[in-house]
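Notes follow the structure.
Here, each number is a calculation from the coordinates, and none is a lab measurement. The shown structure was predicted, so the numbers you read here are calculated from the model rather than taken from an experiment. Cβ coordinates were reconstructed from backbone atoms using ideal geometry, including for glycine residues, and neighbour counts include every protein chain displayed.
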Amino acid sequence: MHKFFKTVYAIWGFFCFIIFFVICFPAFALIVQKRSWHRHANLLNKIWASFVFTSILMPVKVVKKGSFDLSRNYIFCANHNSYLDIPVVGFSSPKFVVFVGKSSLNKIPLFGYMFRKLHIPVNRRSIKDSYRSFEDAKKAIDRNQSLLIFPEGGINDQNIPDLKKFKDGAFRIAIEKEIPIVPVTIPFNWIILPDETLQLTWSLMKIIYHEPIETHGLSSEDIPKLKAQVKETIRSEMKQHFQAEFSQKTA
């Protein structure tokens, strides 16, 4: 019986996700037509996600440990364990962010159109495409937009709740453009919607925005140190939520 209700809940969750996106899609389709309108996607993301999370009775807790100047650009760096990570960031981010995400999202009907118009798809198997995405990300910063980059380079489905190795891209851009990096921890999404099963489970959805880390005055030689600082911030937060799992790793 428990399995039956979990299945019904998962079906209901995906139905709400799709139906509310379809309802919001005309507004998304309108604002993507002009770059100056893209900032309104922040409100649309919050409306769409609010409808979904409310309909599936999913509690969301947003913790902001730092203060954010909305006149500044940021690069938000989050751990990535679930397809839920994108909507929860869209729902909770202090300002509109351009996602740097895998190009396969382009293939999703309707959502793919919105994603490639608003965000930056990347095929990490192609060096040429990865470089193009890197340059597009810098151009977004120049347009006074903030970025959301998953520095693990994709969904981590093997090392949870620990983190995979971080890639350099986000940190290289932050140093080159001299903008702050914000570590972001999303602790429970791998339990709520695991990548390997896509079985939606009711639980608290939590996201933590840590204190921004300034990069002014840093050089490319500081990338390893900055990367380690961001990773340790996220990892330390994960340890607080999953002490038993991390203890087993060190035992």
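So the values come out like this:
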item: Peptides 25-33, 166-174, 225-233 ordered by average Cβ neighbours within 10 Å, highest first; result: 166-174, 225-233, 25-33
item: Two-site label geometry, TYR83 and GLU214: point separation in nm, points 7 Å out along Cα→Cβ; result: 4.2 nm
item: Relative packing of 241-248, 145-152, which averages over residues the other C-beta atoms within 10 Å, highest first; result: 145-152, 241-248
item: Estimated FRET transfer efficiency when R0 is 45 angstrom, pair VAL60-ASP129 (beta carbons, to 0.05); result: 0.85
item: Listed residue (VAL60, SER133, ILE192) projecting farthest to the positive dipole end of region 59-250, Cβ model; result: SER133
item: Per-bin percent of Cα-Cα distances, the chain [10 Å]; result: 7, 31, 38, 20, 4, 0
item: Sequence-distant aspartates and glutamates (8 or more away, or on other chains) whose Cα lies within less than 13 Å of LYS239; result: ASP162
item: Using distinct alpha-carbon pairs, which all enter the 1/r mean, Kirkwood radius of region 88-223 in Å; result: 16.3 Å
item: Expected 222 nm ellipticity per residue - DSSP helices of 4 or more, -39500 (n - 2.57), all of the chain, to 500; result: -15000 deg cm²/dmol
item: Percent of beta bridges antiparallel (DSSP, region 59-250, rounded to nearest 5); result: 15 percent
item: Rg ratio (alpha-carbon, reference 2.2 N^0.38 Å) - region 39-161; result: 1.07
item: Within region 112-139, backbone nitrogen closer than 11 Å to the virtual label 7 Å beyond the Cα of ILE18 toward Cβ; result: none
item: Extreme residue, positive dipole direction of the chain, given options SER220, ILE173, ILE108 (C-beta unit charges); result: ILE108
item: Lysine pair count for region 1-116 [Cα-Cα under 30 Å; pairs on different chains or 8 or more apart]; result: 22
item: Dipole magnitude of the chain, debye to nearest 20 (Cβ charges: Lys/Arg +1, Asp/Glu -1, about Cα centre); result: 520 debye
item: Computed lengthening from SER67 to LYS117, 0.36 nm per intervening residue step minus Cα-Cα distance; result: 15.0 nm
item: Highest average packing first - 192-205, 125-138, 69-82, Cβ atoms within 10 Å; result: 69-82, 192-205, 125-138
item: Given charges at Cβ of Lys, Arg, Asp, Glu: the chain dipole, positive-most of THR233, VAL8, PHE25; result: PHE25
item: Calculated FRET value between PHE5 and THR197, using beta carbons and R₀ = 25 Å, to 0.05; result: 0.95
